[in-house]
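Reviewing the structure listed below.
The values are calculated or read from the model by the stated rules, or taken from the named source; none is laboratory data. Predicted, not measured: the structure shown is a model, and the values here were computed from it. Cβ placement follows ideal geometry from the backbone for every residue including glycine, while neighbour counts extend to all protein chains displayed. Areas reflect the complete protein model, heavy atoms only, side chains present, ligands, DNA and RNA absent. Shrake-Rupley method; radii C 1.70, N 1.55, O 1.52, S 1.80 Å.
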Amino acid sequence: MSLLNALKYRKIRRPLSLRMLAPSGMVVLLLVVLILLLPETKPRITAPVFPAPPALLPLIIQTHASVQAASGAPAAEAAPVTSPAPAPAPVASASSLLHYTDQVTGMEFVFVKGGCYRMGDTMEDNKYPNEKPVHEVCVKDFWLGKYEVTQRQWMKIMGSNPSNFRNGGDYPVENVSWNDAQNFITKLNRQTNGSYSLPGEAQWEYACREGGKDVRFGTGTDSINSDVANFDAIADYKKTYAVGSFKPNGLGIYDMSGNVSEWVEDKYANYDDDAYKKLGRDNPVYTGKGDMRVNRGGSWFENQNNVRCAYRFADSPGRSSHYLGLRLKKEFKPQATAPVPSATPSALTPLIAPTPAAVQVASGATAAKAPAAATVAVAVTVASVPSLLHYTDRVTGMEFVFVKGGCYRMGDAMGDNEYPDERPVHEVCVNDFWLGKYEVTQRQWMKIMGSNPSSFRNGDDYPVENVSWNDAQKFITKLNRRTDGKYRLPDEAQWEYACRDRGKDVRFGTDTDRINSDVANFDVRYKQTRAVGSFKPNGLGLYDMSGNVSEWVEDKYANYDDDAYKKLGRDNPVYTGKGDMRVNRGGSWFYGQKDVRCAVRGAELPGYSHYNLGLRLKRVK
């Protein structure tokens, strides 16, 4: 028997499961908003209680009038909705945003709700005359790159790397001219849906200011230092840094001040030039006379004055340098549709379904006088993984996906009869939780622990492995000391619930009953781990739930029919009773097909480490 086969059939069989594939690459109807007609008494609603995340509120509020129109109510009967008038558009925190992921390059985009703001030297720093006069600008909704374009992404499209600082695939590409950027976009659009471009200068500054706030820097603050951004060639930086190495701004966008200066679409003109003034206030992009092109945000060697949101610089379109890079915009195409309640992603349905009664209570109206609710669907261009609630840890950069709780049949629900410890099938209910979008990577582990135990050291984005359950607990303890203390291993019941895309009767974490090595890393095809996210995610947007590395969970090992396990009941069961073995789930790169099913359970001693064992974290409320 070969060494690999011997490892597969060690003492306690450890099949695992979970798949991370989701119906990829298609644009999906995302946000479905349920709103009602307000009562005849026209109560003043000052604080409606929508159980929706902050990022959705601007869309809900904005569609109020269109909902009334859809219901046939005359305008005169519409109840007034108050909101601060000329203030910047509501902005979400980094923990709750709409995201889009490009399926060719993996580039991530954050939805930016449009609005009006004061562009230019609003802080009256008086550093450079080309930042004046301050003028009102209005921009439409758009998607903006969460990160600067990386060397890996550039090479995927262009086939070569122009960068001076070649320290890793996640470092920003630089030494790029404006013309180079246009060539990249042209080739990218041929391979995708053709809606990528450089942001307009007005869009860039609006996003830098977190939706048009009067703030000085892209960090959302009025002061800045080298602990929060890469600028001024300070300390050990003196070069670019991997994208996302510092905290994002309030929109969840990274490196808006420093790292590399970012090309925008506009030609350069002073704000008080007649040609610029003719653009008007709505979505201005200057493409008139002149040759110079604008770049924004400053770079790793710029001083503090030159990484402000208002700062403008210009170069000839053919100039490249080790401080010049880019960040892309994706066009946003909203559509109004007929009521389609079923278009709401299942994970969001419980979150955006305010009932007529709930709004009536908020408004002080009586239920008897309320007209029937009207339903309007707002169609939003989104990724193949439906737009989900996300949270990003600011210390490690780990991303978490919100999983709406529920009840499901845990165990061998498909009747495969592979292993007796998957039976009996039993009902389990879990509360809401956040689960890691990816397995913990070697970069994230090293950031907390300072060393790398992994056998396959092929890149920082590969999953950390050779990790025991005890090692995982030490990592979590240190991580919690540096953060808000809310990280844990997922419970076994939570893990399987997420693997099954919220408890569906599916065999694999791919939301399917069949699997092959084109959609997951298992059965020794690749003979090692792969970078996290190399395959498609599951319906929740979770990657590598089947294969890659087996993932430790919190529970001790027990058979489902043991009396001790039965005593846990159906609600949020976590077994921590007798026994020493700890459970791991999902299977790994060298497991066979039956051992990467969602129902499969592996177990090891808590001190055991191996190059098939890693982890994925959950986040508690």
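Worth a mention:
- Residues satisfying the stated conditions in segment 281-327, i.e. surrounded by fewer than 16 Cβ atoms within 10 Å (Cβ to Cβ), within 22 Å of Asn225 (Cα to Cα) and touching a Lys or Arg at 6+ places or on another chain (Cβ under 7 Å): Asn305
- Filtered residue count, segment 289-319, keeping only those that are more than 21 Å from Lys238 (Cα to Cα) and outside any loop (DSSP other than H, G, I, E, B): 5
- Scanning segment 256-272 turns up one or more residues that are in contact with a Ser or Thr (Cβ under 6 Å, 6 or more places away or on another chain) and open to solvent by 20 Å² or more (accessible area, probe 1.4 Å).
- Residue that is open to solvent by less than 20 Å² (accessible area, probe 1.4 Å) and either over 30 Å from Asp562 (Cα atoms) or of a type in the set (S, T, N, Q) (or both), where the choices are Leu479, Leu489: Leu479
- For the residues Arg209, Arg166, the requirement of being of a type in the set (D, E, K, R), buried (at least 24 other Cβ atoms within 10 Å of the Cβ), touching a residue at least 12 places away in the same chain (Cβ under 8 Å) and out of contact with any Ser or Thr (no Cβ under 7 Å at 6 or more places or on another chain) singles out Arg209.
Matching residues to (1) open to solvent by less than 10 Å² (accessible area, probe 1.4 Å); (2) assigned to a loop (DSSP other than H, G, I, E, B); (3) over 16 Å from Val506 (Cβ atoms):
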| residue | (1), (2), (3) |
| --- | --- |
| Gly533 | no, yes, yes |
| Gly547 | yes, yes, no |
| Trp552 | yes, no, yes |
| Asp561 | no, yes, yes |
| Tyr575 | no, yes, yes |
| Ser588 | yes, yes, yes |
| Lys594 | no, no, no |
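- Selection within segment 112-150 - β-branched (Val, Ile, Thr), touching a Phe, Trp or Tyr at 6+ places or on another chain (Cβ under 8 Å) and either surrounded by fewer than 19 Cβ atoms within 10 Å (Cβ to Cβ) or not in a loop (DSSP other than H, G, I, E, B) (or both): Val112, Val137, Val139, Thr150
- Flag if Gly541 is crowded, with 24+ Cβ neighbours inside 10 Å and modelled with pLDDT under 95: yes
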